[in-house]
1. Any idea how many residues of region B:172-187 are within 14 Å of chain A (Cβ to nearest Cβ) and either surrounded by fewer than 20 Cβ atoms within 10 Å (Cβ to Cβ) or closer than 20 Å to A:VAL161 by Cβ (or both)?
2. One residue is enough: does region A:99-116 have a residue meeting the conditions out of contact with any Lys or Arg (no Cβ under 9 Å at 6 or more places or on another chain) and among the aliphatic types (A, V, I, L, M)?
3. Applying the selection to region B:214-253, what residues are hydroxyl-bearing (Ser, Thr, Tyr) and either within 24 Å of B:MET67 (Cβ to Cβ) or not in a helix (DSSP H, G or I) (or both)?
4. Answer yes if at least one residue in region B:203-217 is closer than 30 Å to B:VAL237 by Cβ and within 12 Å of chain A (Cβ to nearest Cβ), and no otherwise.
5. Among the residues in region B:224-242, are any over 21 Å from B:ILE90 (Cβ atoms), out of contact with any Asp or Glu (no Cβ under 8 Å at 6 or more places or on another chain) and touching a residue at least 40 places away in the same chain (Cβ under 8 Å)?
6. Given the residues B:VAL117, B:VAL124, which is the only one that is surrounded by fewer than 20 Cβ atoms within 10 Å (Cβ to Cβ) and touching a helix residue (DSSP H, G or I) at 6+ places or on another chain (Cβ under 9 Å)?
7. Search region A:61-88 for residues that are in contact (Cβ under 8 Å) with a residue 24 or more places away in the chain and closer than 15 Å to A:ILE33 by Cα and pair each with any residue that is surrounded by fewer than 18 Cβ atoms within 10 Å (Cβ to Cβ) and basic (Lys, Arg) when their beta-carbon atoms are under 6 Å apart and the residues are at least 6 apart or on different chains.
8. Might you let me know whether region A:139-153 holds any residue that is at pLDDT below 95 and in contact with a Pro (Cβ under 6 Å, 6 or more places away or on another chain)?
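The values are calculated or read from the model by the stated rules, or taken from the named source; none is laboratory data. Quick caveat, the model's predicted, so the values are computed rather than measured. In this analysis, Cβ positions are derived from the backbone assuming ideal geometry, glycine residues included, and neighbour counts consider all displayed protein chains.
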Amino acid sequence: MTEHKTDRTSSADALRIQGLRKSFGAQEVLGGIDLSVAQHEVICLIGASGSGKSTLLRCVNLLERIDAGSVWLDGQLITARGVDENLVRRHVGIVFQSFNLFPHMTVERNVTLAPMKVLGLSREEAAARAAELLGRFGLAEKRADYPDRLSGGQQQRVAIVRALAMRPRLMLLDEVTSALDPELVADVLDVIRELAMRGMTMLIATHEMGFAREVASRVCFLADGQIAEQAPPAQLFSEPSDERTRRFLRRITDAGRL
Amino acid sequence: MEAQGPPQLALPDLAARRSRLLGDSSRRGVVLSTASTVVVLAVLLAVFLLAPGSAQVRHTFLNPADMWKAFVGDPKAGYYSVGEALWLNIRMFVVAEVLILIVGLVVAVIRQSTGPVLLPLRVVTTIYVDVARGVPLILIIFALGYGLPALQLTVISDQSAAVYGVAALVLSYSAYVSEVYRAGISGVHRSQVAAARSLGLSQSSSMRYVILPQAIRNIIPPLLNDFISLQKDTALVGLLGSIEANKAAELFSDTVFNYSSYVVAAILFLILTIPLARFTDHLIRRDQARRLAGAGQ
């Protein structure tokens, strides 16, 4: 709090969170989160529903106002007073569980809106960027469709493309497969896998333990508003050190999800 | 084709059940509903025709010769064409509708804003909406129609009664319409705001490109409903002396001592409002169908 180590020490980190607290009314959801994410690292946040995974992501995107603590993005303190949140959000993409595509716009317009209105790209530049991304994720022929004509998996992939079109430095994925029918999950996970392979720094809240194990550089287990344990996936899933992690993983295993 | 067997009878016939809910459209249903309509109308007509004062009323209100005279008018005899006067109503509500759409939107957006800078404007618009909705339209018309000329200002005090009338209509209706807009805006799911803001769009850009287009689509039926009401209320401007349809009908009845002119005015207003009412219903039905289709997915 007192020392402002903004430059040297944290410049290597894509994201650094220190002492982050967030309450909704009397209920404390995040009770002091400390987390550093290196460039190109993929962090998976796991934990029971209500453990604060989504809230943490929304805090990093400044969609929620934090009560205490600090967040640095590429060494820049983004939770300081007077920081332009719109400027921060250009660099931090977020994808929601419920897609939240704009229903009155075509797929292409969903993707080009922010690059045009926020980054000032021309219609042609934005359309080219959209075409490239939609093509890469197998959505080229959906360009002119409205979201309600798409399957859940396609909608979620469009939502990811919409966030990527801003060329973010950090992607936040908030349980992006939880609202999908099981057979549609794989397509979306493939997209994330590709992003990870290309070196995108990501913070992923997920219930897909198998996926987390495969794609994560590090897995963080959230419980009681804190990071109870963090470790590389192989270690966390096979020899969890925290009792709460063990209990959580046992329940998941019993449910046949791991 | 021979599949039309017992199994199908055993199943609950969903189509038939639905048509019963929506109103039976089978031939028997059509015959029944036609018959009941005819009977009701016949009874009402009989009551009207057999009432003791029926002949008197028909002469004073429904005299075809007088209706025609009122419709075409005769300025030399001291009354104007009700049909022509309706043109003033049409001009008044077209101008008023455009202004109401703009003022109502501005008021709604200000009231929906959150920034501390706009707090004074929020207070002003809140008071405006409360007052304009609370005071009867007829009093607003009198206040502007008699008050503004009495102020003896340049330009503002030199307008025609129709201008003051339109100003009063805009003042009153914009308050209602701003509430319709506001309902539409808050009807757009919060996650849409989150999605827009998360992409770096400012609050105003989110409003303009994401929230308002969705809000306006949802409020077209209630807006049209307000406009049907507005079309009729242009008749109140006649109280300031403008020769609109209702005032022309009044002049006729004062001169000729026959009320058929009012029936002419009523019919003309119906000709204006019924198509809009049908169109509104059509939009509402289409909207419901779309919602049902959406829920089924």
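1. So the answer is 1.
2. Within region A:99-116, the subset out of contact with any Lys or Arg (no Cβ under 9 Å at 6 or more places or on another chain) is A:99-100, A:103, A:105, A:109.
So of that shortlist, the ones also among the aliphatic types (A, V, I, L, M) come out as A:105.
Scanning region A:99-116 turns up at least one residue that is out of contact with any Lys or Arg (no Cβ under 9 Å at 6 or more places or on another chain) and among the aliphatic types (A, V, I, L, M).
3. Across region B:214-253, the qualifying residues are B:THR234, B:SER242, B:SER253.
4. Residues of region B:203-217 closer than 30 Å to B:VAL237 by Cβ: B:216.
Checking the rest, the ones that are also within 12 Å of chain A (Cβ to nearest Cβ) come to B:216.
Within region B:203-217, one or more residues are closer than 30 Å to B:VAL237 by Cβ and within 12 Å of chain A (Cβ to nearest Cβ).
5. no
6. B:VAL124 is the lone residue from the list that is surrounded by fewer than 20 Cβ atoms within 10 Å (Cβ to Cβ) and touching a helix residue (DSSP H, G or I) at 6+ places or on another chain (Cβ under 9 Å).
7. A:ASP67/A:ARG21; A:ALA68/A:ARG21; A:GLY69/A:ARG21
8. yes
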